[in-house]
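A quick write-up on the structure given underneath.
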Amino acid sequence: MGIDVVGVHEVQASLDAHGRAYLERVYTPAEQRACASTAGGHDAGRLAQRFAAKEAVRKVIRADLPWTDIEVDTATPPGLRVPDAGWSLFLSLTQASGRAAAVVVGQQASGGVRE
């Protein structure tokens, strides 16, 4: 199981400082589209949820995957795409009071839950 909490202001600061370079380093094109705002920028809260989920995935599978190898889909129920990970991953997301949090529970393909 992995959990991570991210300050929305931290993601906004990264967007402000690094712009497109930050988006392309951390988020897939589909995630960037999903977090685009009608004002022309990106919703830092939605990006923060995805960042927290990516961190939680890395904690579960204990691998230093590139950020864009992990894709967060916030459909109902939310899901994760991790290429050839050998894991079944289950995701829960929340956002409140300027913080985004994600919990990921993983089960290896061979069985058993890793904690």
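The values are calculated or read from the model by the stated rules, or taken from the named source; none is laboratory data. Owing to the predicted nature of the structure, the values given are computational and were not obtained by experimental measurement. Please note: Cβ atoms are built from the backbone with ideal geometry, for glycine as well, and neighbour counts cover all protein chains shown.
Numbers for the structure displayed
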read-out	value
Residues satisfying the stated conditions in the stretch 96-115, i.e. surrounded by fewer than 17 Cβ atoms within 10 Å (Cβ to Cβ), at pLDDT 85 or above and touching a Phe, Trp or Tyr at 6+ places or on another chain (Cβ under 7 Å)	GLN107, GLN108
Residues within the stretch 20-51 that are closer than 22 Å to ILE3 by Cα and either among the β-branched types (Val, Ile, Thr) or not in a helix (DSSP H, G or I) (or both), tallied	5
Unmet requirement for GLY19, which otherwise passes all of (1) touching an Asp or Glu at 6+ places or on another chain (Cβ under 6 Å); (2) surrounded by fewer than 22 Cβ atoms within 10 Å (Cβ to Cβ)	(1)
Subset tally (residues that are under 12 Å from the mean Cα position of the chain (by Cα), surrounded by fewer than 18 Cβ atoms within 10 Å (Cβ to Cβ) and part of a loop (DSSP other than H, G, I, E, B)) for the stretch 67-95	2
Test: residue in the stretch 52-63 that is over 23 Å from ALA109 (Cα atoms), in a helix (DSSP H, G or I) and not charged (D, E, K, R)	yes
Failed criterion for LYS54 (all others in (1) among the basic types (Lys, Arg); (2) touching an Asp or Glu at 6+ places or on another chain (Cβ under 7 Å); (3) surrounded by 19 or more Cβ atoms within 10 Å (Cβ to Cβ) hold)	(2)
Residue among VAL11, VAL5 that alone is closer than 27 Å to GLY106 by Cα, modelled with pLDDT of 95 or more, part of a helix (DSSP H, G or I) and under 15 Å from the mean Cα position of the chain (by Cα)	VAL11
